[in-house]
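Below is one structure. I have some questions about it.
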Amino acid sequence: MALRFEVLGRFNRARAAQLTLPHFACQTPLFMPVGTQGTIKGLTTDQLEEIGCQIILGNTYHLALRPTSELIDELGGLHKFMNWPRALLTDSGGFQMVSCITNLYVAGIFYTQWHFAYIFQVSLLHLADITEKGVTFQSPVDGKPMLLTPEESIQIQNRIGADIIMALDDVVRTTITGPRIEEAMYRTLRWVDRCIAAHKRPHEQNLFGIVQGGLDPVLRDICVRGLVDRNLPGYAIGGLAGGEDKDSFWRVVAQCTAALPEDKPRYVMGVGYPLDIVVCSALGADMYDCVYPTRTARFGTALVPEGVLKLKHNAMVNDTRPIDPTCACMVCKNYTRAYIHCLVTKDAMGSQLLSYHNLYYMLQLSRNLHSSIVEGRFVCDFLQKMFPKGDVPEWVCNAMDVAGIDISSCCSS
Amino acid sequence: MKFAVKALSSGKARAGVVHLGSCPSSIETPCLLLSTRKGLPIFISPDLLSSLPSPDSNLLQFSPLHFSEGPSPKTISSIGGLHQMVGLHEYGFAAVARDSIQCLPECGSTNKTGASFETPCGRRLIKPVEYMEMITSMKPNLWATLADEVPAWANNKRNKTSVDRTVKWLDECIARSPAGGAVFGSIVGGSNIEERKRCAQEIIYAGYWIGGFGLGESMEERPSLLNAVTDNLPKDWPRMICGLGLPEEVLQGVAAGVDLFDSAYIYHLTIGGFALTFPLDRTEKIDYNYQLSDQGSDRTKINLRATVYRKDATPIVEDCCCYTCQNHTKAYINHLLNVHEMLAQILLEIHNTHHYLGFFRSIREAIKEGCFEQFQKKFVQSRREHLAADVVSV
């Protein structure tokens, strides 16, 4: 174990905590920007520090392809390679292989030269084949069949050197039904043992297990108990953020957070939209990651308290207001919507400035969640700004009910 | 705007000082105008701009044509002008219709009503009235009048027409000139020395913008064309030029008495994945770590896509104090280029700009020490020697 998790404040199930990792002491709840290939698209490490980024997520699959984990190791690990002094988390590499096809559709038509290589390699992937040994896939480089085993995933992550590493799990999308889900859940538990055995740096890197089980509460329960038995430094709730309806989504999160140990961090993978993060935090989760803020920036969409602002829209051509008058970031302090409008989708600078703002927004959201969890007021403020007419979605009301947070002041009905 | 010549070397090369209202410090010349797209550098975001040497890096160039698809001049005025719109209040902006990277003069389509340019939004014809509307709303520190530029091979008739039109448009622009903002009269004339002289003599204003270069004239014919213009300009006023981007071309401009330069060189290096490495100090230096296997490199620059840099954990230039060299290695930039990440261009533009500004600094030092001619000779010669050595060794 190479971390310390200390709860500093609570509001019912929600917690504000300090998560001390080898490279940085973080405050939770926190959002982790995704730096797929050893960089957050268009931002320098200085800028990331300045906006308060605490942990960056790196994709094992991409880094293992280029520049390879051996090279990163030889040059002193990913922290040194990209010159990031704070914390890093790497995923296991499994998810990219299985689920890239969805991402391809999302990012597909609008690619710029900076997206091109990502699309190119993804489009060469065939559906992966998962066996007890590991995940078999076709290499995008030369088409040869390759096998990613739990052992190999951990070895690669050991070489990359992140503060938190993820066990290789057998992940299935929640939209699938049938015995495959149960098979995947039990296999995830068996693979966790292999990951633990293969982990060579437990005093420098924290291995998190991932709870699977689809939308089935019985399976989820078995998985949680199995992982808790292994006494890991932290736990992730996986297999969500893949197209399931919101009502099922929050119930799985609620069930898992209720069953996972109080004194260890809980990471909901692939989440997400600001509203989802607020709800999950109310239910007791601590860590989140998503490509959404940076990806949507590249399509000209800004995150604002009311939801989103589409800067590409013609209405923005002569709008001299800032993107978000309540935001303290460099972009909102200096630029008008009109100016950003003329940049987006045409100039690299547009992507950069919007990514900067969107990440600032997500990190500020994290800071607000942390500092106001004790008060409990934040949830209401957030919902009132996003739903000024009081039309809070039903799934959110149900979730807040379970979380024990009174949002009647935000709802019209 | 105030300008003064402080030193001369070899007759015509001059070191001077320009002071602009919005910039807190004076800027020494000869100096480089940083290229921008819509007022901001192409890759370096505004908060990273301050990491470049100041005040050298405080002069930016843009073309009003960058904004031909919005925001409207009315909106720009209501925001308060370009400085306000791009949040760079302590920088100086120079407006020129031509931008050597993406607003290239298209003399075939230029006619008596306006000048034509190839832009990312297609071909645009801009009339003096429209041009001045944009200048008035943007309030740059200095601006060049609209010109009809022709390449070196234009015939005499076309040359003459370009001079006539440029002079006519000069009057139209000045008639609509906003208060504030220094006017640089545009001088054209193609490769016809007589026309160049005529143009230079007709225009007398606060500064001069020399057009029609970097459009196909050869290195050999350029000095005489340049001199034909500068010999006929009053010595006390600043001269700006577009299209002389390469170091040797800049040196030719300086030798003829030009003070302000734009350059597309940095942009092309950056998008090509190249980083400048030529030595900036003027003492003879023994060649360091030069990799012969490097594809496309010579002793002036390195190609960071080359596999030889995959594991190179050293900065681009060992004692460079730019943000890129202080924080990142060649190996990391090599990786970023290979995975097509935008950060590669950001880091390269920072380093290349920093390095090129250093080149301009050495030019100024050489002029102040009275040895510009030797500096130019030595620079050009050593680059030729390196190229010759490479040819022999391959």
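The values are calculated or read from the model by the stated rules, or taken from the named source; none is laboratory data. This one's a predicted model, so the numbers in the text were calculated from it and none came from an experiment. All Cβ positions, glycine included, derive from the backbone under ideal geometry; neighbour counts span all protein chains shown.
With the condition kept exactly as written, say whether any residue in the range B:5-14 is under 16 Å from B:Gly207 (Cα atoms), more than 10 Å from chain A (Cβ to nearest Cβ) and either without any contact (Cβ under 8 Å) to a residue 24 or more places away in the chain or touching a Phe, Trp or Tyr at 6+ places or on another chain (Cβ under 8 Å) (or both).
Taking the range B:5-14 and keeping what is under 16 Å from B:Gly207 (Cα atoms), we get B:5, B:14.
Subset that is more than 10 Å from chain A (Cβ to nearest Cβ): B:5, B:14.
Among the residues that remain, those that are also either without any contact (Cβ under 8 Å) to a residue 24 or more places away in the chain or touching a Phe, Trp or Tyr at 6+ places or on another chain (Cβ under 8 Å) (or both) are: none.
The answer is no, given that none of the residues of the range B:5-14 is under 16 Å from B:Gly207 (Cα atoms), more than 10 Å from chain A (Cβ to nearest Cβ) and either without any contact (Cβ under 8 Å) to a residue 24 or more places away in the chain or touching a Phe, Trp or Tyr at 6+ places or on another chain (Cβ under 8 Å) (or both).
May I pose another question? Is it the case that B:Glu149 is surrounded by fewer than 19 Cβ atoms within 10 Å (Cβ to Cβ) and either under 20 Å from B:Lys38 (Cα atoms) or among the acidic types (Asp, Glu) (or both)?
Working: surrounded by fewer than 19 Cβ atoms within 10 Å (Cβ to Cβ): no; either under 20 Å from B:Lys38 (Cα atoms) or among the acidic types (Asp, Glu) (or both): yes.
The answer is no for B:Glu149.
Can you tell me which residue in the range B:212-237 is nearest to B:Asn159 (Cα to Cα), limited to those that are at pLDDT 90 or above, touching a helix residue (DSSP H, G or I) at 6+ places or on another chain (Cβ under 9 Å) and assigned to a loop (DSSP other than H, G, I, E, B)?
Out of the qualifying residues, it is B:Phe213.
Something else now. Among the residues of the range B:23-58, which ones are polar (S, T, N, Q) and within 26 Å of B:Leu233 (Cβ to Cβ)?
Of everything in the range B:23-58, those that are polar (S, T, N, Q) and within 26 Å of B:Leu233 (Cβ to Cβ) turn out to be B:Ser26, B:Thr29, B:Ser35, B:Asn58.
Continuing with the same structure: Every residue in the range B:70-83 that is within 11 Å of chain A (Cβ to nearest Cβ) and small (Gly, Ala, Ser), please.
Within the range B:70-83, B:Gly70, B:Ser72, B:Ser77, B:Ser78, B:Gly80 qualify.
Answer yes if at least one residue in the range B:76-96 is among the hydrophobic types (A, V, I, L, M, F, W, C), free of Cβ contacts under 8 Å to residues at least 40 places away in the same chain, in a helix (DSSP H, G or I) and farther than 27 Å from B:Cys31 by Cα, and no otherwise.
As a first pass, look at the range B:76-96 and keep what is among the hydrophobic types (A, V, I, L, M, F, W, C): B:76, B:79, B:82, B:85-86, B:88, B:93-96.
Retained after the next criterion (residues that are free of Cβ contacts under 8 Å to residues at least 40 places away in the same chain): B:79.
Filter once more, so that each one left must be in a helix (DSSP H, G or I): B:79.
Narrowing the set further to residues that are farther than 27 Å from B:Cys31 by Cα leaves B:79.
Taking every residue of the range B:76-96 in turn, at least one turns out to be among the hydrophobic types (A, V, I, L, M, F, W, C), free of Cβ contacts under 8 Å to residues at least 40 places away in the same chain, in a helix (DSSP H, G or I) and farther than 27 Å from B:Cys31 by Cα.
If you scan the range A:79-94, which residues turn out to be surrounded by fewer than 23 Cβ atoms within 10 Å (Cβ to Cβ) and assigned to a helix (DSSP H, G or I)?
A:His79, A:Lys80
Restricting attention to the range B:313-355, and to residues there that are of a type in the set (Ser, Thr, Tyr) and crowded, with 24+ Cβ neighbours inside 10 Å, which single residue is farthest from the other protein chains (Cβ to nearest Cβ)? If you could, list the steps in order and put the result at the bottom.
Narrowing the range B:313-355 to residues of a type in the set (Ser, Thr, Tyr): B:314, B:323-324, B:329, B:332, B:353.
Still in the list and also crowded, with 24+ Cβ neighbours inside 10 Å: B:324, B:332, B:353.
Working: B:Thr324: 9, B:Tyr332: 6, B:Thr353: 15 Å.
Among them, the one singled out is B:Thr353.
If you go through the range B:18-58, how many residues are assigned to a strand (DSSP E or B), away from chain A (no Cβ under 14 Å) and within 24 Å of B:Ile76 (Cα to Cα)? Talk me through it step by step, then tell me what you get.
So the first thing to find is which residues in the range B:18-58 are assigned to a strand (DSSP E or B), and the list is B:18-19, B:27-29, B:31-35, B:37, B:40.
Narrowing the set further to residues that are away from chain A (no Cβ under 14 Å) leaves B:18-19, B:27-29, B:31-33.
Within this subset, residues satisfying the condition of being within 24 Å of B:Ile76 (Cα to Cα) are B:33.
Counting residues in the range B:18-58 that are assigned to a strand (DSSP E or B), away from chain A (no Cβ under 14 Å) and within 24 Å of B:Ile76 (Cα to Cα) gives 1.
Being part of a helix (DSSP H, G or I) and under 24 Å from A:Ala64 (Cα atoms): is that true of A:Ile222 here? Let's see the steps before the verdict.
Values: part of a helix (DSSP H, G or I): yes; under 24 Å from A:Ala64 (Cα atoms): no.
No; evaluated as a whole, the condition is false for this residue.
Here is a list of conditions, (1) surrounded by 19 or more Cβ atoms within 10 Å (Cβ to Cβ); (2) within 9 Å of chain B (Cβ to nearest Cβ), and A:Leu19 meets all of them except one; can you say which number that is?
(2) is the only condition that A:Leu19 fails.
Does A:Gly38 fit the bill of being small (Gly, Ala, Ser), facing chain B (nearest Cβ under 7 Å) and either free of Cβ contacts under 8 Å to residues at least 40 places away in the same chain or closer than 20 Å to A:Ala297 by Cα (or both)? Show your work before the answer.
Details: small (Gly, Ala, Ser): yes; facing chain B (nearest Cβ under 7 Å): yes; either free of Cβ contacts under 8 Å to residues at least 40 places away in the same chain or closer than 20 Å to A:Ala297 by Cα (or both): yes.
In short, yes.
Looking only at residues in the range B:59-69 that are within 11 Å of chain A (Cβ to nearest Cβ) and closer than 19 Å to B:Ala94 by Cα, which one is nearest to the chain's Cα centre (by Cα)? Spell out the reasoning first.
Step one: of the range B:59-69, the residues within 11 Å of chain A (Cβ to nearest Cβ) are B:66-69.
When the remaining residues are screened for being closer than 19 Å to B:Ala94 by Cα, the result is B:66-68.
Numbers: B:His66: 16, B:Phe67: 20, B:Ser68: 22 Å.
By that ranking, first place goes to B:His66.
I've got another one for you. Could you tell me which numbered condition A:Val211 fails, if it satisfies all but one of (1) surrounded by fewer than 21 Cβ atoms within 10 Å (Cβ to Cβ); (2) more than 18 Å from A:Leu3 (Cβ to Cβ); (3) in contact with a strand residue (DSSP E or B) (Cβ under 6 Å, 6 or more places away or on another chain)?
Unmet for A:Val211, out of (1) surrounded by fewer than 21 Cβ atoms within 10 Å (Cβ to Cβ); (2) more than 18 Å from A:Leu3 (Cβ to Cβ); (3) in contact with a strand residue (DSSP E or B) (Cβ under 6 Å, 6 or more places away or on another chain): (1).
Do we have any residue at all in the range A:59-69 that's among the charged types (D, E, K, R), part of a helix (DSSP H, G or I) and within 13 Å of chain B (Cβ to nearest Cβ)?
At the first step, the residues of the range A:59-69 found to be among the charged types (D, E, K, R) are A:66.
From what's left, part of a helix (DSSP H, G or I): none.
Within the range A:59-69 (the criterion being among the charged types (D, E, K, R), part of a helix (DSSP H, G or I) and within 13 Å of chain B (Cβ to nearest Cβ)), the answer is no, since none of the residues qualifies.
Please specify each residue of the range B:117-146 satisfying the condition of being surrounded by 18 or more Cβ atoms within 10 Å (Cβ to Cβ) and farther than 16 Å from B:Glu172 by Cα.
Answer for the range B:117-146, where residues must be surrounded by 18 or more Cβ atoms within 10 Å (Cβ to Cβ) and farther than 16 Å from B:Glu172 by Cα: B:Phe117, B:Thr119, B:Arg124, B:Ser137, B:Met138, B:Lys139, B:Pro140, B:Asn141, B:Leu142.
Run down A:Phe24, A:Phe11, A:Phe5 and say which single residue is more than 12 Å from chain B (Cβ to nearest Cβ), farther than 22 Å from A:Gly284 by Cβ and out of contact with any helix residue (DSSP H, G or I) (no Cβ under 7 Å at 6 or more places or on another chain).
Result: A:Phe24 is the single residue among A:Phe24, A:Phe11, A:Phe5 that is more than 12 Å from chain B (Cβ to nearest Cβ), farther than 22 Å from A:Gly284 by Cβ and out of contact with any helix residue (DSSP H, G or I) (no Cβ under 7 Å at 6 or more places or on another chain).
Go through A:Met146, A:Met97 for me and flag whichever is modelled with pLDDT of 75 or more and not in a loop (DSSP other than H, G, I, E, B).
On the way: A:Met97 fails: modelled with pLDDT of 75 or more.
Sole residue among the options that is modelled with pLDDT of 75 or more and not in a loop (DSSP other than H, G, I, E, B): A:Met146.
Of all residues being in contact with a Ser or Thr (Cβ under 6 Å, 6 or more places away or on another chain) and in contact (Cβ under 8 Å) with a residue 60 or more places away in the chain in the range A:317-373, which is farthest from the other protein chains (Cβ to nearest Cβ)? Just the residue, please.
Applying the first criterion (in contact with a Ser or Thr (Cβ under 6 Å, 6 or more places away or on another chain)) to the range A:317-373 yields A:318, A:320, A:336, A:338, A:352, A:355, A:369.
This time we only want the ones that are in contact (Cβ under 8 Å) with a residue 60 or more places away in the chain, so: A:352, A:355, A:369.
Working: A:Gln352: 5, A:Ser355: 9, A:Leu369: 26 Å.
Filtering the range A:317-373 for residues that are in contact with a Ser or Thr (Cβ under 6 Å, 6 or more places away or on another chain) and in contact (Cβ under 8 Å) with a residue 60 or more places away in the chain, the one farthest from the other protein chains (Cβ to nearest Cβ) comes out as A:Leu369.
While we're on this one: Scan the range A:42-57 for residues that are assigned to a loop (DSSP other than H, G, I, E, B) and surrounded by fewer than 23 Cβ atoms within 10 Å (Cβ to Cβ) and report the count.
Here is the first cut: in the range A:42-57, the ones assigned to a loop (DSSP other than H, G, I, E, B) are A:42-44, A:51-54.
Then keep just the ones that are surrounded by fewer than 23 Cβ atoms within 10 Å (Cβ to Cβ); that gives A:51-52.
Result for the range A:42-57: 2.
Still on this structure, please answer the following. Residue check: is B:Val86 surrounded by 22 or more Cβ atoms within 10 Å (Cβ to Cβ), among the hydrophobic types (A, V, I, L, M, F, W, C) and facing chain A (nearest Cβ under 10 Å)?
Details: surrounded by 22 or more Cβ atoms within 10 Å (Cβ to Cβ): yes; among the hydrophobic types (A, V, I, L, M, F, W, C): yes; facing chain A (nearest Cβ under 10 Å): yes.
When the stated conditions are applied, B:Val86 passes them.
Still on this structure: Among (1) over 22 Å from A:Asn358 (Cβ atoms); (2) within 17 Å of the chain's Cα centre (by Cα), there is one condition A:Lys264 misses while meeting the rest; what is its number?
(2)
Determine if the range B:375-388 includes at least one residue that is crowded, with 21+ Cβ neighbours inside 10 Å and polar (S, T, N, Q).
Within the range B:375-388, one or more residues are crowded, with 21+ Cβ neighbours inside 10 Å and polar (S, T, N, Q).
State yes or no: is B:His340 at pLDDT below 95 and in contact with a helix residue (DSSP H, G or I) (Cβ under 6 Å, 6 or more places away or on another chain)? Spell out how you get there, then give the answer.
Values: at pLDDT below 95: yes; in contact with a helix residue (DSSP H, G or I) (Cβ under 6 Å, 6 or more places away or on another chain): yes.
Yes.
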